[in-house]
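We did not get these values from a lab; they are worked out from the coordinates using the rules stated. Note that the structure is predicted; figures quoted are calculated from it, not measured. Quick reminder, even Gly has a Cβ in these numbers, built from the backbone with ideal geometry, and neighbours come from all protein chains shown.
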Amino acid sequence: MKHVDQRIAISGAGCVLATGWGVDPFWAAARAGRSGIGPLRARHFHSRRVVAFGHVAEDVQQRCRQEVPRNLHRYCTPALAWGVSAVGQALAEAGIDPQQGRLRLGLYGCQGGYTHPSLDAYAELLRDCSSELGLDKAGLSRRVLQERALDPFLVLKSLSNGLLGVVSLAHRLECEGSAFMQGVAGNQAALREACAALRSGRIDAAIVVGSGSELDALALAALVRAGVISANGTEAFLAFDERGRGGIAGEGAAALVLQRCADLPTAAHVCLVGQTAHANLDALQLPAESTDLLVCTASGEPEQDRRLSARLGRIPAAHVGAAQPLTGILSAAPSLVDLILARSAMQAGYAPPLAGLRYPVDNRLPFVVGSGREVPIRRATVVGRDDNGFSACYRLELAS
């Protein structure tokens with residue numbers, strides 16, 4: 001019986017993050033151990049307790065907005081524009097032009113930051129309807145009732161399939177599509193559906209994209225209440241470090257293009273060869289074989305990271321790193337960014353340092369401390385964990 005190659009290759013990647021526009025700046029920051037996290041900047045609120053955030057820079061936001069057709073701007077929040085840009089980058093690297101119609105495509109989106117009303121939307125509306133004489137109530141009513149200034153696309157930061165719609169319209173995609181929730185669970189569901197569609201032969205290339213932002217007072221307050229981010233003035237995300245004081249939120253987008261290895265020209269490809277998930281990290285099936293690089297999430301809180309390290313220590317890894325200290329905790333694309341980091345390391349043959357780490361919570365794990373290392377990386381493992389405990393594990397191989 002003829003062997004059928006079931007491996008799925010990552011043929012393209014793109015991102016818009018606190019590290020800048022594109023994979024190259026992200027990888028450069030990873031190599032240097034240089035975080036993109038900075039002081040919290042918000043137009044309509046301030047905080048003495050939450051003082052840092054992984055911002056997408058203003059010039060990067062403007063660049064992304066210019067990539068969106070003007071007729072879509074009304075429905076396009078900044079996060080959706082980042083998603084459009086990330087998909088464009090990934091398609092360009094994969095050498096895919098959707099307008100040529102040679103390939104059957106699939107689009108699978110994960111959207112973050114849309115489950116709460118946006119204070120910015122209300123604040124801007126009230127500002128526009130105010131003058132020295134006070135609030136123009138008639139003008140406010142006209143904007144809301146006649147001009148639909150607060151329709152669901154603006155109040156809820158776009159619907160859960162808004163990213164799917166805007167990306168498909170901006171890139172003129174005619175394909176199957178599915179919208180998923182945010183976080184590690186959403187990323188895992190989107191990647192699983194994409195791989196299943198490729199292996200079944202329904203499509204020839206899959207686009208998986210996640211985009212979102214938690215730069216909103218209500219969102220940040222919810223993250224503080226859940227214990228996800230620090231409320232004690234923490235300025236740096238110190239993962240797996242005894243000096244850690246909690247997490248820091250971030251924003252951005254990431255996209256991957258997946259194709260069957262058998263359909264690609266003979267060359268070195270980073271292939272997704274396995275993925276598992278479980279509602280409880282302790283029950284998550286982890287690989288027994290050795291891995292050259294382990295990329296994993298962290299909380300930034302020493303005791304929690306110490307418990308996580310004990311679990312991850314069961315994976316025989318040569319080097320351990322993380323992406324969150326570079327970008328902050330991402331609502332929509334956490335696992336996609338981890339996969340981009342692992343893929344970049346495999347392509348470069350370089351294990352990047354874990355940014356900011358000086359005093360590891362567990363010296364038994366081979367964290368990359370200080371400077372990176374030139375080493376061959378043929379196998380990598382990515383382990384992501386949501387704060388509700390849901391976890392996913394991906395295995396990557398460099399194949400030729």
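Before moving on, here are some points about what is shown:
- When Tyr108, Tyr75 are sorted by how many other C-beta atoms sit within 10 angstrom of their C-beta, beginning with the fewest, the order is Tyr75, Tyr108.
- Exposure proxy ranking, count of Cβ atoms within 10 Å, fewest first, for Ile207, Ile229: Ile229, Ile207
- Cα long-axis angle, helix 302-312 against the chain (0 to 90 degrees, to the nearest 10): 40 degrees
- Each Cα pair of segment 1-54 feeds into the Kirkwood radius, which the Stokes-Einstein equation turns, at 37 °C and 0.692 mPa s, into a diffusion coefficient of 226 µm²/s.
- With Cα atoms, 0 to 90° folded angle of helix 78-94 axis to the chain main axis: 40 degrees
- Against the chain, whose longest principal axis comes from its Cα atoms, helix 23-32 is set at around 60 degrees.
- Between Ala399 and Arg63, the FRET efficiency estimated from the beta carbon spacing at R0 = 41 angstrom works out to 0.75.
- Residue of Leu126, Leu105, Leu293 that the Gaussian network model of the chain assigns the largest fluctuation, springs spanning Cα pairs under 10 Å: Leu126
- The chain shape via C-alpha gyration tensor axes, a/c threshold 1.5: oblate
- DSSP beta bridges fully contained in the chain are about 65 percent antiparallel.
- For segment 270-400: rounded, prolate or oblate by the Cα gyration tensor [a/c cutoff 1.5]: rounded
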